[in-house]
Amino acid sequence: MKAKYAALTLALISLSGSVFAATTDSNGDNVDGTVSITGRVVAQTCTVSGDSGTTVNVTLPTVQSTLLSTAAQTAGLTPFTIKLTGCTAVASSSTSPKTVGVYFSPATTFDSTTGTLTNTTTSGATKVNVQLLNGSDKSAIKIGQAITAQNVTYPGTLPTSGTTGSVNLAYYAQYYATGQATEGAVTATAPFTIVYN
């Protein structure tokens, strides 16, 4: 009988050890883990100099629907540039970020499966989206993903002399089929935020 009580007492001690092993936060509440968040704020002054204020216009060529007959087919590859002006010069010895790019916001209409922008034209072409690509290697940018998963590159180098300068960021846009495309207009928008690395 004593052996049973000893085993039960040992089991309760083991259980109580796991219950009371939790840590507490600054409010004295029990917690099971911690999320550690890091970030950085910079005094950089780059601004977007678009075709119309901060809007950069991209016109894709007119293409035949036969070029977009099956899912994942692409056509109409078109380069475009996002021009930044007034970028503060960064000394080469500085620990401040020295490159710049953009993060394309998911605050727009996009296809989460393909990471492409959906056509927003009412009664426009169907089964065709717009894909954005990095200018350096034409790798796909995945709209709707977090910045670390979007495949964002930093194609611009900040000026290292003078007080301010301009930076041109190169990208591509193209049609992206999600099936047999039908004829019609295609419109898409991609809000973006300047990011530094």
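The values are calculated or read from the model by the stated rules, or taken from the named source; none is laboratory data. From a predicted model like this one, the values you see are computed outputs, not experimental measurements. Neighbour counts run over all protein chains shown; Cβ positions are idealised from the backbone, glycine included.
List of remarks:
- Residue within region 63-80 that is assigned to a loop (DSSP other than H, G, I, E, B), surrounded by 19 or more Cβ atoms within 10 Å (Cβ to Cβ) and among the aliphatic types (A, V, I, L, M) present: no
- So A185, is it assigned to a loop (DSSP other than H, G, I, E, B), closer than 16 Å to G76 by Cβ and modelled with pLDDT of 95 or more: yes
- Unmet criterion (only one of (1) more than 22 Å from P79 (Cα to Cα); (2) of a type in the set (S, T, Y); (3) touching a Phe, Trp or Tyr at 6+ places or on another chain (Cβ under 8 Å)) for Y172: (1)
- Test set (1) out of contact with any strand residue (DSSP E or B) (no Cβ under 7 Å at 6 or more places or on another chain); (2) closer than 14 Å to I194 by Cα; (3) surrounded by 17 or more Cβ atoms within 10 Å (Cβ to Cβ) - V90 fails condition number: (2)
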